[in-house]
Amino acid sequence: MTQEEVCTQLKTQFGDAASALSETKGDRFVVVKDEKIVDVCRFLKTTTGLEFDYCQDITAVDWPARKVIEVVYHVYSLVHRHGLVLKAETDREKPSIATVESVWKAATWLEREIYDLFGVNFEGHSDLRRILLPDDWVGHPLRKDYQEAGGYHGIGNERQDPLVQLSKVTDERRKAVAAAVAAAAVAAAAAAPPEPATVPVAPATDPERKS
Amino acid sequence: MAIDMQLDRHILRRTESSDEEIVVNFGPQHPSTHGVINFVTQTNGEVIRRSVPDIGYLHRGLEKIGEQVPYPGYMPFTDRIDYLAAMFANEGYAVAIERLLGVEAPPRAKYIRAIAGELCRISNHFISVGTMAQDIGAATPLTHALRERESINDLLEELCGARLTFNYHRIGGVAFDLPEGWAVKVLRFLDHLDSYIQEWDRLITFNKIFVKRLANVGIITREKAIDYGLAGPNLRGSGVNWDIRRDMPYGAYPDFDFDIPVGTGRFGTVGDCWDRYFVRVREMVESSKIVRQALAKLPEGDIQAKVARKLKPDAGEAVGRVESARGEMLYYVVSDGSEKAYRLRVRTGSFMAMGIIEELSHGIMVADLIAIIASLDVVAPEVDR
């Protein structure tokens, strides 16, 4: 089934809650009203002829200008070999959307990742905890306005230019080596009596050589 | 006699249920976890009540970095997503950006990508099956596997100058053409490989102890595999005949003739650890077939399409999918018309595989958990990105 046909089915079932297929360049997508997302997903999975049984990816995109966070679903049907991109928008100030865990189990971990990195609250999720970052991390890094907190428990997230650091280290080492050499020379001069002048050495003769 | 009885009681204590439950941190530093992953495991003696993976130790924010560097500059970062099969991480990113820009790599570049990718798949699968044998308790196969992998690393080093983090693909092509005389060396290695796989099968695949340790362990049914979004060999091990190379073709793959091995439950049930293992061994043979065909049909021509120096794709979004060694690798790129990605998402096979471990862990033995982790072939940096 082509994407257009899937869209037509969605339109007849959900009316205005599902938009038409987008006209953007690249991949096209359908925007769904966020309160209908579970119904739409279940409809896509269970309807004969559609059977989107394989959830390839769920992710999110932050749009501060439009004041929304888009949750993006890439779904596919291994039975009929067709795919679709669904999007649902949620308010950026208080992002919250129902979980589709009951439709695809794959959503459990994918939604946890979005919760962690975007701060979207998935209502009814069975295990909504941070997944990649520590539990006491402040903020949601993939949001566009995320400010780094300047470190985590004393571990800084800034460092000097490594080249500057390296040149400082080599300078110090060079100075230390020079100082050590000078000190050794002074010590040697103080401890040892002056060496006699070089003894003249007889020119080496090669015994095998027959002149 | 008394000692025997004590032993019996001891064994009973360890295998039958009692009230002595403890929580073990299996990881983050453990030889069997394949990287820095922690499995918080609640056990009752040898029997696991449940095991919850705790990930994120290797999170480097690679998706955030993708929003901060220009498109071509992100290529070396993709190597770090999956260091055991970096060719696919390169290729997936290149494919995604090419789709966004609407350019296509020239045929020769596509063939070279297929050759490099399949060699990389063989090298990755050797690590996977070798470490799996080692986790189970067989030490020798890993040394054999590493030896074979070194030969491939030598070949890839000659091709692109690096052994692990290749940075070989470019948006619209590849960085270097094949070196002089390289194809002959590859063919010589493949001749060796084809006979070596038979030796490998005699060495470990059909080894009775090995089969007993894996057959009927960690069974993932077809439905469950699809529901949890597993990908690649893990999905095919459960009997799902699905491969991006054939079903959503990209690059030069439509030109090649190859089979897609699926799990059959030969020694146990479809979707057990042995099936997933065997799919990987068979895939090495198929990869060898693909490389041979690609070298035989390698077209002449450019290796790089004409691409602007400063890439500014139109606003829009695109998905690049490749069949990585660990299954479908999906790059989702959103562009706002500037020279940096507005959003870059990497979906990896390992992440999805980690999601199913808790479900599989109920009521299994500790040693079986190790077999399951090894059979799913999870790689920590790919999970955490």
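The values are calculated or read from the model by the stated rules, or taken from the named source; none is laboratory data. All figures in this text were calculated on a predicted structure; none of them were measured in a lab. When we count neighbours, we look across all protein chains shown, and the Cβ atoms used for this are built from the backbone with ideal geometry, even at glycine.
Quick look at the values:
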{"item": "Search result, residues across region B:184-196 that are among the acidic types (Asp, Glu) and either part of a loop (DSSP other than H, G, I, E, B) or without any contact (Cβ under 8 Å) to a residue 40 or more places away in the chain (or both)", "result": "B:Asp191"}
{"item": "Residues of region B:210-234 classified as without any contact (Cβ under 8 Å) to a residue 40 or more places away in the chain and either farther than 30 Å from A:Val75 by Cβ or buried (at least 19 other Cβ atoms within 10 Å of the Cβ) (or both), total", "result": "3"}
{"item": "From A:Ile114, A:Ile97, A:Ile69, residue being assigned by TED's automatic domain parsing to the domain that holds A:Gln13, under 17 Å from the mean Cα position of the chain (by Cα) and among the aliphatic types (A, V, I, L, M)", "result": "A:Ile114"}
{"item": "Strands (runs of 3 or more DSSP E) (entirely within region B:283-385) containing at least 3 residues that are out of contact with any Phe, Trp or Tyr (no Cβ under 8 Å at 6 or more places or on another chain) and facing chain A (nearest Cβ under 9 Å)", "result": "B:327-335"}
{"item": "Cβ-Cβ under 6 Å pairs, at least 6 apart or on other chains, region B:154-181 side at negative phi, far side of a type in the set (D, E, K, R) and part of a helix (DSSP H, G or I)", "result": "B:Arg163/B:Glu157; B:Thr165/B:Asp79; B:His169/B:Glu91; B:Pro179/B:Glu158"}
{"item": "Check on A:Val85, closer than 15 Å to A:His140 by Cβ, of a type outside the set (Phe, Trp, Tyr) and within 14 Å of chain B (Cβ to nearest Cβ)", "result": "no"}
{"item": "Selection within region B:20-58 - free of Cβ contacts under 8 Å to residues at least 24 places away in the same chain and either over 18 Å from B:Ile372 (Cβ atoms) or in a strand (DSSP E or B) (or both)", "result": "B:Ile22, B:Val23, B:Val24, B:Asn25, B:Gln29, B:Asn38, B:Val40, B:Gln42"}
{"item": "Of residues in region A:103-125 being within 11 Å of chain B (Cβ to nearest Cβ) and part of a loop (DSSP other than H, G, I, E, B), the one surrounded by the fewest Cβ atoms within 10 Å (Cβ to Cβ)", "result": "A:Lys105"}
{"item": "Filter result for the condition that a residue is outside the structural domain of A:Arg92 (by TED's automatic domain parsing), surrounded by 10 or more Cβ atoms within 10 Å (Cβ to Cβ), in contact with a strand residue (DSSP E or B) (Cβ under 7 Å, 6 or more places away or on another chain) and at pLDDT below 90, over A:Leu166, A:Leu132, A:Leu128", "result": "A:Leu128"}
{"item": "Sole exception among (1) touching a Phe, Trp or Tyr at 6+ places or on another chain (Cβ under 9 Å); (2) surrounded by 14 or more Cβ atoms within 10 Å (Cβ to Cβ) for B:Leu190, by number", "result": "(1)"}
{"item": "Unmet requirement for A:Glu35, which otherwise passes all of (1) among the charged types (D, E, K, R); (2) under 15 Å from A:Phe122 (Cα atoms); (3) under 26 Å from the mean Cα position of the chain (by Cα)", "result": "(3)"}
{"item": "Verdict on B:Glu199 being in the same structural domain as B:Ala94 (by TED's automatic domain parsing), in a loop (DSSP other than H, G, I, E, B), more than 15 Å from B:Asp275 (Cβ to Cβ) and among the acidic types (Asp, Glu)", "result": "no"}
{"item": "Matching residues, region A:1-32, being crowded, with 18+ Cβ neighbours inside 10 Å, closer than 21 Å to B:Arg99 by Cβ, within 32 Å of the chain's Cα centre (by Cα) and touching a residue at least 24 places away in the same chain (Cβ under 8 Å)", "result": "A:Asp27, A:Phe29, A:Val30"}
{"item": "One residue from A:Glu111, A:Glu93 being among the charged types (D, E, K, R), under 30 Å from B:Arg321 (Cβ atoms) and in contact (Cβ under 8 Å) with a residue 24 or more places away in the chain", "result": "A:Glu111"}
